[in-house]
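The structure under discussion appears below in the form of structure tokens.
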Amino acid sequence: MPGNSVGSRERRPIRRRSLLTSVGLVGISGFAGCIRSNSVEADGPAEELIQQGFAATDTDPPFETTIVVTEGTERSRVATLLKSELEDTGFFEISIEEYKWTTHLDLLTTAADENKNALFIVSWTGGWDPDDYVNMLFHSDSHPPNGLNVNQYADETVDEYIETGLEETVFDERVEIYRQLQERLVADAPVSFVRFGEVTHVWDADAVSGWQAYPLETGAYNAVYAPWADTFTKLEGSTELVGDLGSDISTTDPASMNDTASSQATQLVYEGLTGIDFDGTVQPVLADEWKRLDTTRYRFSLREGVQFHNGEELTAAHIKCSFERYEGEPREADVFDWYGDSEIVDDYTIDIDCRREYGPFERRLFDVPIVPMAAIDGDLDLESTPIGTGPYRFVDYQAGNDCRLERFDEYWFEGSETVPATAPVETVRLEVITEPASRQGALEAGNIDVSYGVPSASLADLTADDAYGVDRHVGGGFDMLIYPLYREPFSSAAVRRGCNMLLPRERIVEEVYNGVGQPAYTPISPLLEAYADEEFQERIADEYVRSP
Amino acid sequence: MSLGRYVLTRISVAVPVLLGVTALTFSFIHALPGDPIDALVGFRSVSPATEASIRAEYHLDRPIWEQYLLWVRNVLVLEFGESPITGRNVAATVGRRLPATLALGGAAWLLALAIGVPTGIVAAVRRGGPADELSRLAALAGIATPNFWLGLVLLLIFGVRLGWVRVIPPDAPLASLAMAKFMLLPTITLGTASAAFVTRLLRSSMLAELDAAYVRTARAKGLRERTVILKHVLRNALLPVVTITGLQLAFLIDGAVVVERIFSWPGMGRLLVRSILQRDYPVIQAGVLLIGVSIVLANLLVDIVYAVLDPRIRY
């Protein structure tokens, strides 16, 4: 068993009592001066683990701590459920603090340095590669500000798994590494995984057909027209599709873009060498084929006759420059984490050299849009005028209001049996609607055609209503409970595992999220099926989480 | 001192006030943990050289006082800089939001006065009567109703159920009929509490005046009741109302965050919230300066109205 989960087997006096009497007794024992107050009965496997941990760290129950959540979100109700479960054991006395999102983030990233006695409930969103779900959160190099390993977890075995997983290019080997890594994380429990989120798209069924929910939020508008993913949307009685964005766009330059809304708004404008379709399969986009020359070198052949919205024609030089322009930009790690060099073989062939053997290579290419030379020479400012090779051109963005896209008639796709050469949707307007209730209102009033952010409480009604189409899919997001590892008694893995067993996951999904999402026992989303299929999840849950 | 000179003096006094306010926010915001670099790189690792060059680009590598002085120097020539987060010009960003904010705040303010003043007068004149009781109840409801609730209910009834107005702003210029129609609900949402407040304030201030000796004199010399109320009582009773509504004008313009969120209104409130979340210093500073200016102007306006209402007040 990893860590310090097996402490002394010393048995404590046994007596279960309610919180109230225990508080009363602590007072009395204080006066008496000799009665020990740590007399809480362990009446289940979880409680026994917690008791072991308390003994090993010499902690007297009830231990007072705080659960910190962001204000006004479902998470505060999760915290309430959790508080009652943990307090029921008699080992904890818990208060809940709510903060605004930024304050919460600040507290979170400084918690370990300030030795804050608090558990945090936070969400994390990963992407199409398993590394997204672990590296930033659990690698010892990812302590803030270099990552979000906020409780400063450090475990050599975990680090090693993360590093070898990243450099493994054989699929089956990778799967095995990440499965072992997940098991190790669940056994050591630096955090508890609570719930996998879902993407939920709702559309006006009379106006829109063919819509599908892309599993990752950033790709929500791929559903409009993505021939590489065999997908397009048709409209009834209109040529304009109106969707929504959850917040203002901050920038449209991919090298500094860092928020969901900006990615969503530019999804149809930019394209990369590869794409990842709705099932998670890598598909050729600007590259029509590629092969691996040796362990770190790949040769890409480019699609010919691809035009940028400003009239430039795609060549291998665009690819090289689009990668290299990330140097010195806020998102340079996206590229330079793996990119070594590239060599232009001819106009339509390029060799890319990775700095190391790199498992997620083909998937990472999806996140690096290819931009025109005008942007590289500095004649064009992508921050305000995004130009790519995608099926839609960016028309304008009225800050705070809406963002308009227009079909690009010179788009490279020539049609197939399933997808027409010309996108049926002529223009796309994305309205910024921050309030979820207003998004539902706008959809019901017919002001927008599709929304990816209606409140989860309304989904059941909308699903039952024939006037709306609903598509739900497990996404890349998960909620977790972060333990203050740097403090007793949470320095004891036994205490953390005990808490992990007590988490009322099913109730959280049903009562707080109205059945949207699913209980999570491991970090990697079941979206990446191979790494986290149901059988694996069940085995981990049975072995480490569920009480026998 | 003439009114003109008074206004000039007040404006010159406002400059140090604004400097103080902006200096305070500047230091408070910098005292918070986290900086724009974190928001920019999203807690990914960037090379030290990249971080240094981003810091240098936006002067984030200088001491705070130097950053502040740089900012002041630029503001004096109306140069608000560029946002490190969006790379856009700050003056243009704020300038695009300002008209929407002014329009909504101004409309809500006018609505508050248009409802609050007549209701307040009637309530005071008919003290204890059904009209007074009704206005009391309405005012209580108006003040007690949280505006996010009122906004959502109005949207649900008139936007979703009846379909009379749009739920999100129409695709039309600010000064258009379609936009005016859309603005009805947010205006009511934002103005209701203020209207209730004005009603109650004016009622009690009128009641105090109605008992005054000059009112008896006016009535004794045979003036019509209408003249007594509107020309004498109201004029005197308005002073406290003017003070409050002046400040409310500033508040309505700066404090519409919730209403902006519900009605997807592209105003300053949402911009400021986003900027604070992302530690977008130049935008926060410009916003705070604007709020400071609006409060200073509102106060100035109040003082001028005082002088008009009460001839004894001279500056």
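The values are calculated or read from the model by the stated rules, or taken from the named source; none is laboratory data. It should be emphasised that the depicted structure is a prediction, and the values quoted were computed from it without experimental measurement. Because the Cβ atoms are built from the backbone with ideal geometry, glycine has one as well, and the counts that use them run over all protein chains shown. The accessibility values were calculated without ligands, DNA or RNA, using every heavy atom of the protein model including side chains. Shrake-Rupley method; radii C 1.70, N 1.55, O 1.52, S 1.80 Å.
If I fit a long axis through the Cα atoms of helix B:130-144 and take the longest principal axis of the Cα atoms of chain B, what angle between them do I get, 0 to 90°, rounded to 10?
Its long axis makes an angle of about 10 degrees.
Give me the inter-chain shielding for A:142-148: mean count of other chain Cβ atoms within 10 Å, whole number please.
For peptide A:142-148, the averaged partner shielding equals 4.
Mean residue ellipticity at 222 nm from the helices of chain A, using -39,500 (n - 2.57) per DSSP H segment of n ≥ 4 over the full residue count, to the nearest 500 deg cm²/dmol? Don't jump to the answer; show the numbers that get you there.
On the way: 16 runs with 147 residues, N = 548.
Dividing the helical sum by the residues of chain A leaves -7500 deg cm²/dmol.
Around A:T169, what is the net charge, scoring Lys/Arg as +1 and Asp/Glu as -1 over all other residues with Cβ under 9 Å from its Cβ? Intermediate values should be presented prior to the final figure.
Numbers: positive: A:R174, A:R292; negative: A:E167, A:E168, A:E173, A:E357.
With Lys, Arg at +1 and Asp, Glu at -1, the neighbours total -2.
State to the nearest 20 debye the size of the charge dipole of region A:308-440 about its Cα centre, where the only charges are +1 on K and R beta carbons and -1 on D and E beta carbons.
Values: 12 positive and 31 negative charges, 118 e Å.
Its charge dipole is roughly 560 debye.
What is the average number of partner chain Cβ atoms found within 10 Å of a Cβ in A:439-452? Let's see the in-between values first.
Details: counts 3, 3, 12, 7, 2, 6, 13, 4, 9, 2, 0, 0, 0, 0.
For peptide A:439-452, the averaged partner shielding equals 4.
Would you mind checking the tilt of helix B:177-210 against the longest principal axis of the Cα atoms of chain B, expressed as 0 to 90 degrees and rounded to 10?
Between helix and principal axis, roughly 50 degrees.
What are the DSSP H helices in chain A that stretch 15 Å or more along their long axis, judged by alpha-carbon atoms, and whose average Kyte-Doolittle hydropathy comes to at least -0.5?
On the way: long enough: A:19-32 (20 Å, 1.81); A:45-56 (16 Å, 0.04); A:74-88 (22 Å, -0.79); A:156-167 (17 Å, -0.68); A:171-188 (26 Å, -0.79).
Helix filter hits for chain A: A:19-32, A:45-56.
Between B and A, buried accessible area summed over both sides at probe 1.4 Å, in Å² to the nearest 100?
On the way: alone 17130 and 22580 Å², together 36140 Å².
So the buried area, both faces added, is about 3600 Å².
Ignoring ligands, DNA and RNA, please state the percent of accessible area on region A:93-194 from carbon and sulfur, probe 1.4 Å.
On the way: 1740 of 3880 Å².
Roughly 45 percent of what the probe reaches on region A:93-194 is carbon or sulfur.
What would the Debye formula give as log10 I(q)/I(0) at q = 0.07 Å⁻¹ for the alpha-carbon point model of chain B, no solvent?
-0.39
How much net charge surrounds A:H309 when only other residues with a Cβ under 13 Å from its Cβ are counted (Lys, Arg +1; Asp, Glu -1)?
Values: positive: A:R393, A:R407; negative: A:E271, A:E312, A:E313, A:E406, A:D409, A:E410.
In short, -4.
Please state, rounded to one decimal and in Å, the Kirkwood hydrodynamic radius that region B:55-97 gives when every pair of distinct Cα atoms enters the mean of 1/r. Mind showing how you got there, number by number?
Numbers: mean 1/r = 0.0907 Å⁻¹.
For region B:55-97, inverting the mean 1/r across all distinct Cα pairs yields 11.0 Å.
Can you give the accessible area per residue of region B:93-309, in Å², using a 1.4 Å probe?
On the way: 9680 Å² over 217 residues.
Using a 1.4 Å probe on heavy atoms only, each residue of region B:93-309 averages 45 Å².
Taking the Cα centre of region B:3-76 as the origin and placing charges on Cβ (Lys, Arg +1; Asp, Glu -1), which of B:T25, B:V15, B:A56 is farthest toward the positive end of the dipole?
B:V15
Can you tell me the relative contact order of chain A? Whole percent, Cα pairs under 8 Å, sequence separation 6 or more.
Dividing the mean separation by the residue count of chain A yields 23 percent.
Calculated FRET efficiency, B:K221 and B:E66, Cβ-Cβ r, R0 45 Å, to nearest 0.05?
On the way: r = 69 Å, r/R0 = 1.53.
E between B:K221 and B:E66, to the nearest 0.05, is 0.05.
Two decimals, Cα atoms only, Kirkwood Rh: what is Rg/Rh over region A:172-268? Present the calculation step by step, with values, prior to reporting the outcome.
On the way: Rg = 18.3 Å, Rh = 16.5 Å.
Looking at region A:172-268, the ratio lands at 1.11.
Using a probe radius of 1.4 Å on heavy atoms only, what accessible surface per residue do you get for chain A? Whole Å² is fine.
Values: 20800 Å² over 548 residues.
Accessible area per residue, chain A: 38 Å².
How much space per residue, in cubic angstrom, does the convex hull of the C-alpha atoms of region A:272-387 take up? It would help to have the intermediate numbers written out before the result.
Details: hull volume 12.8 nm³, N = 116.
Measuring per residue, one finds 110 Å³ for the Cα hull of region A:272-387.
Please give every one of the lysines within straight-line cross-link reach of A:K291, meaning a C-alpha to C-alpha distance under 26 Å, and leave out same-chain neighbours fewer than 8 residues apart.
A:K320
So what are region B:241-303's ellipsoid semi-axes, whole angstrom, largest first, if each one is the square root of 5 times an eigenvalue of the alpha-carbon gyration tensor? If you can, show how the numbers build up before the last one.
On the way: eigenvalues 111, 45, 8 Å².
Equivalent ellipsoid of region B:241-303: 24, 15, 6 Å, largest first.
Kirkwood hydrodynamic radius, computed over distinct alpha-carbon pairs, for region B:3-76: how many Å, to one decimal? Working shown, then result.
Numbers: mean 1/r = 0.0677 Å⁻¹.
After inverting the mean inverse Cα-Cα distance, the result is 14.8 Å.
Which of the residues in region B:236-274 show a loss of at least 50 Å² in accessible area from their chain by itself to the complete set of protein chains, at a probe of 1.4 Å?
Relative to the lone chain, where solvent access is computed with a 1.4 Å probe, region B:236-274 loses at least 50 Å² at B:R261, B:R270.
Go through region B:164-178 and flag every residue whose accessible area shrinks by 30 Å² or more with all protein chains in place compared to the isolated chain (probe 1.4 Å).
B:R166, B:V167, B:I168, B:D171
With the dipole of region B:93-309 worked out from charges on the C-beta (+1 for Lys and Arg, -1 for Asp and Glu) around the Cα centre, which of B:A178, B:G120, B:V198 lies farthest toward the positive end?
It is B:G120, whose Cα lies furthest towards the positive end.
On average, how many beta carbons from a partner chain sit within 10 Å of the beta carbon of a residue in A:382-393?
Per residue, the average neighbour count from other chains is 1.
Can you give the Rg to Rh ratio for region A:282-337, taking only C-alpha atoms and Rh from Kirkwood?
Values: Rg = 13.1 Å, Rh = 13.0 Å.
So for region A:282-337, dividing Rg by the Kirkwood Rh gives 1.01.
Over chain B, what is the mean sequence separation of C-alpha contacts under 8 Å (at least six apart), divided by residue count, expressed as relative contact order in percent?
Working: 330 pairs, mean separation 87.9, N = 315.
Here the relative contact order equals 28 percent.
In a GNM of chain B with a 10 Å cut-off on Cα contacts, which of B:L76, B:L137, B:L249 has the highest mean-square fluctuation?
B:L76
How much length is gained if the chain between B:T145 and B:A175 is pulled fully straight, taking 0.36 nm per residue apart and subtracting their Cα-Cα distance, in nm to one decimal?
On the way: separation 30, 0.36 × 30 = 10.80 nm, distance 2.97 nm.
Computed gain between B:T145 and B:A175 is 7.8 nm.
Along the Cα→Cβ direction, 7 angstrom out, place labels at A:D60 and A:T427. What is the inter-label distance in nm?
The answer from the label model is 7.2 nm.
Hey, got the Cα dimensions of the protein assembly as shown along the principal axes, in Å, largest first?
105, 86, 61
Hey, got the dipole for the protein assembly as shown? About the Cα centre, +1 on K and R Cβ, -1 on D and E Cβ, debye to the nearest 20?
Numbers: 72 positive and 121 negative charges, 1455 e Å.
My answer is approximately 6980 debye.
Ignoring ligands, DNA and RNA, please state the percent of accessible area on region B:93-309 from carbon and sulfur, probe 1.4 Å.
Values: 6990 of 9680 Å².
On region B:93-309, the fraction of accessible area on carbon and sulfur atoms equals 72 percent.
Please give me the summed charge of the neighbours of A:R404: other residues whose Cβ is under 12 Å from its Cβ, Lys and Arg +1, Asp and Glu -1.
Details: positive: A:R393, A:R407, A:R429; negative: A:E240, A:D396, A:D402, A:E406, A:E426, A:E431, B:D171.
The answer is -4.
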